[in-house]
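Read through the structure below, which is laid out as structure tokens, and then see the notes.
Every read-out reported here was derived from the displayed coordinates using simple, explicitly stated rules and does not represent laboratory data. Only a predicted model underlies this, so the values are computations on that prediction, with no experimental measurement involved. Note: ideal-geometry Cβ built from the backbone for every residue, glycine included; neighbour counts use all protein chains shown.
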Amino acid sequence: MKYNSLSFAKRTIGIGIAIALTVLFLAACISPSSTSVSQNNLALIQQNGNLSVRFFSVMTFSSSGTLVTAPSELGVSGVPINWMGVIFNGRLEEFLAGEDTTDEVHGSVSADGNWIESMYYSRQILRTTANPSGTFYRISLKSVPISGAASGSTLGPGNFEKSSGDIQKYITQIEYADGPVIDSKINSITKYISTDWGNTFKGQIPTLKLTFAQGSGNLGKTPTKSGMMGQ
């Protein structure tokens, strides 16, 4: 009985030491950053009154059955926005001689203002000539970091910029239409096919830039032009 009691005591002490060492090891593996609370930038983001987004890459389109590959930019610039909590909405219309342009943005940010949870931006151009035509595109985004802490960059709150095929993970949908306008609708003969995400040539690397800025944006100004092949 003494032998058994001594053996049991040794085993109990051994188990206790093993548990203590495990706890110390796990504590050492937990980095300070994983327990820190991220900075809340929501109030700073909500002070901004306009939004610009630019997506650039080499893209392939089908135009009347023919594939066309070219550097293309799909963006909106200085769209005035309104905030409702974490949700933002914006619309910018310009009516010029022979061309009407409408830009829209809609989305939401995270509760701490460090991420775009989801959003889309769009542009519609209607050319009111003798032979009316139009161009439309809409880009949907998700989980875009908009603070230095979230993106690992030195950019201030409300900004994101990256040139890499890795930006594909932020872009959930690309819609594009171009063609004659019939009964107030674009009868598309040009459609988006694909993006060359792996392009690493200078000036052709996929790029996504998003900027929340103060002020009323391009209200009353001519929108920046963009589209397939600089259209």
message: List the residues, sorted by chain then number, that are 5 or more residues from W115 or on another chain and whose placed amide H is less than 5 Å from its amide H.
response: S110, I146
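Working out 0.36 nm times the residue gap between L67 and S153, then minus their Cα-Cα distance, what length gain in nm do you get to one decimal?
Numbers: separation 86, 0.36 × 86 = 30.96 nm, distance 3.72 nm.
Length difference between fully extended and current span is 27.2 nm.
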message: Please compute the modelled spin-label separation between L42 and E93, points set 7 Å along Cα→Cβ, answer in nm with one decimal.
response: 3.3
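Around K209, what is the net charge, scoring Lys/Arg as +1 and Asp/Glu as -1 over all other residues with Cβ under 15 Å from its Cβ? Each step should come with its number before you reach the end.
Numbers: positive: R54, K162; negative: E73, E161, D166.
Its environment carries a net charge of -1.
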message: Only sites in a loop by DSSP and with at most 15 other Cβ atoms within 10 Å count here; which trypsin sites (Lys or Arg not before Pro) in region 52-144 make the cut?
response: none
task: Using only Cα positions of region 42-228, each an equal point scatterer, no hydration layer, compute I(q)/I(0) via Debye at q = 0.13, 0.14, 0.20 Å⁻¹ and quote the log10 values to two decimals.
output: -0.69, -0.80, -1.39
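About the Cα centre of region 151-199, what is the dipole size in debye to 20, counting +1 per Lys and Arg Cβ and -1 per Asp and Glu Cβ, all else neutral?
On the way: 4 positive and 6 negative charges, 17 e Å.
My answer is approximately 80 debye.
Grab the other residues whose beta carbon is less than 9 angstrom from that of S143, score K and R as +1, D and E as -1, and report the net.
Numbers: positive: K142, K169; negative: E117.
Net charge around S143: +1.
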- request: Starting from region 148-221, pick out the trypsin sites (Lys or Arg not before Pro) whose DSSP state is loop and whose Cβ has at most 16 other Cβ atoms within 10 Å.
  value: K202, K221
